[in-house]
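Pasting a structure here, questions to come.
The values are calculated or read from the model by the stated rules, or taken from the named source; none is laboratory data. Quick caveat, the model's predicted, so the values are computed rather than measured. Neighbour counts are summed over all protein chains in view; Cβ atoms, including those assigned to glycine, are modelled from backbone coordinates with ideal geometry. SASA here: full protein model, heavy atoms, side chains in, ligands and nucleic acids out. Shrake-Rupley method; radii C 1.70, N 1.55, O 1.52, S 1.80 Å.
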Amino acid sequence: MEIKPNEKILQAFGLEPEGLNVRKFGSGHINNTFLLEKKQDSSKYVLQKINVNVFKEPGIIAANQRMAADYLAVNHPGYLFITPIPTVNGEELFVINNEYWRLIPFIAGSVTVDQADNPKQAYEAAKQFGRLASYLSGIDLKPFKASIPNFHNLTLRYSAFQDAIKNAGEDRKAAAEGMIEDFLRYSDIAVTYEQLKTDPEFKDRLMHHDTKINNVLLNKTTFEGICVCDLDTLMPGKIISDLGDMVRTYVCPVSEEESDFSKIVVREAYFEALMQGYLEEVGGTLTNVEKQQLFFAGKFMIYMQGIRFLTDYLNGDVYYPTRYPNHNFDRAKNQLVLLQRLIEKEPILQRIIDKCLLISEKSEQ
């Protein structure tokens, strides 16, 4: 059932319902999002109802964004960081009937794209995520909390995968036997993550955690990056989360929904574009250990998403919405093929990383 904002919600933000045009907005599947346009002057706002099934404590989202905004306002005052507009009572969120609503500025002249159609788009998006990571690299992480605990905890995801193998029904376990063996063959990825996460040189940082290309606003005319958006998962994490998600979603011309696996390829030009854009901004803040794990980032994220899909298939499709019986099976196979294609090109892609690192280091001098 579609949830529409009532007049109490609008008035909480100082808006009068009769003076607004309200319509559904965006392609996101998590929060209910609406575009509000004032009839008088055509000024626009974005109103969102936060999905409390995904984000159990919306106050954490608001607190994390506010602390980041305050830090950026002092240390990088010219940076465009989208922060919610307070209610007339000065609150970050308006709560009514256990619903959490927020009002966000609409950035005029901006557009989002759902996939990278050329390397320039990949470069511009990655540059924006890199700039955010760079600007936040000095922030004190102690007050920040996880808006989704264990979101990118591969140790936990791998443990859930092993439990699913043990507890799966015989039919599904038999159908997935070959793919289970393939994913177990790459278990060194989970082992490497377990070793890295306790290394003090593998820093905790304030990361975005959802670096799909449609979470960057681009100039609708030039397609140059404007700023990062959708900051719900802004929380402490590792560099491999953001970089890995970009590799997973930018380098392949098809999404995780594609079941014609012959279409799954790794586009070197897109890999180079995103790596160049990201490292131009954040490269100077990286430790040697982080630099050594830049290729691992893609393996980490693709592997984790693959075993999550396969875990859900083995568990009877209880987490991800599915449109047909083998949907999660196909998604897992898709990610397995992408992982294999990435690893096949490791020598070439590592040379690209080395070149981009060298360029970023020279620009720092």
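Based on what the data block shows, is residue 256 surrounded by fewer than 23 Cβ atoms within 10 Å (Cβ to Cβ), touching a strand residue (DSSP E or B) at 6+ places or on another chain (Cβ under 9 Å) and among the charged types (D, E, K, R)?
no
Next question. If I filter region 113-122 for residues that are farther than 19 Å from residue 237 by Cα and among the small types (Gly, Ala, Ser), do I get at least one hit?
yes
With the condition kept exactly as written, say whether any residue in region 127-145 is within 18 Å of residue 60 (Cβ to Cβ), open to solvent by less than 50 Å² (accessible area, probe 1.4 Å) and within 17 Å of the chain's Cα centre (by Cα).
Scanning region 127-145 turns up at least one residue that is within 18 Å of residue 60 (Cβ to Cβ), open to solvent by less than 50 Å² (accessible area, probe 1.4 Å) and within 17 Å of the chain's Cα centre (by Cα).
Do we have residue 298 as of a type outside the set (Lys, Arg), open to solvent by less than 20 Å² (accessible area, probe 1.4 Å) and either touching a residue at least 40 places away in the same chain (Cβ under 8 Å) or in a strand (DSSP E or B) (or both) here?
For residue 298, the condition - of a type outside the set (Lys, Arg), open to solvent by less than 20 Å² (accessible area, probe 1.4 Å) and either touching a residue at least 40 places away in the same chain (Cβ under 8 Å) or in a strand (DSSP E or B) (or both) - is met.
Which condition breaks for residue 214 when tested against (1) modelled with pLDDT under 95; (2) assigned to a loop (DSSP other than H, G, I, E, B)?
Of (1) modelled with pLDDT under 95; (2) assigned to a loop (DSSP other than H, G, I, E, B), only one is false for residue 214: (2).
Here are some residues: 81, 25. Which one is in contact with a strand residue (DSSP E or B) (Cβ under 8 Å, 6 or more places away or on another chain), of a type in the set (Phe, Trp, Tyr) and at pLDDT 95 or above?
81
Of all helices (runs of 4 or more DSSP H) completely enclosed by region 85-201, which ones contain at least 1 residues that are closer than 27 Å to residue 46 by Cβ and in contact with a His (Cβ under 6 Å, 6 or more places away or on another chain)?
Hits in region 85-201: 119-135.
Can you tell me which residue in region 67-77 is farthest from residue 135 (Cα to Cα), limited to those that are touching a residue at least 24 places away in the same chain (Cβ under 8 Å) and open to solvent by less than 70 Å² (accessible area, probe 1.4 Å)?
Here the answer is 67.
Separate question: Does any residue of region 228-242 turn out to be in a helix (DSSP H, G or I), open to solvent by 30 Å² or more (accessible area, probe 1.4 Å) and not hydroxyl-bearing (Ser, Thr, Tyr)?
No, that holds for no residue.
For region 35-55, name all the residues that are open to solvent by 40 Å² or more (accessible area, probe 1.4 Å), under 20 Å from the mean Cα position of the chain (by Cα) and free of Cβ contacts under 8 Å to residues at least 60 places away in the same chain.
Selection gives 52, 53.
Those residues that are out of contact with any Leu (no Cβ under 7 Å at 6 or more places or on another chain), open to solvent by 10 Å² or more (accessible area, probe 1.4 Å) and in a helix (DSSP H, G or I), I need them from region 274-295; list them, please.
276, 280, 281, 284, 285, 288, 289, 292
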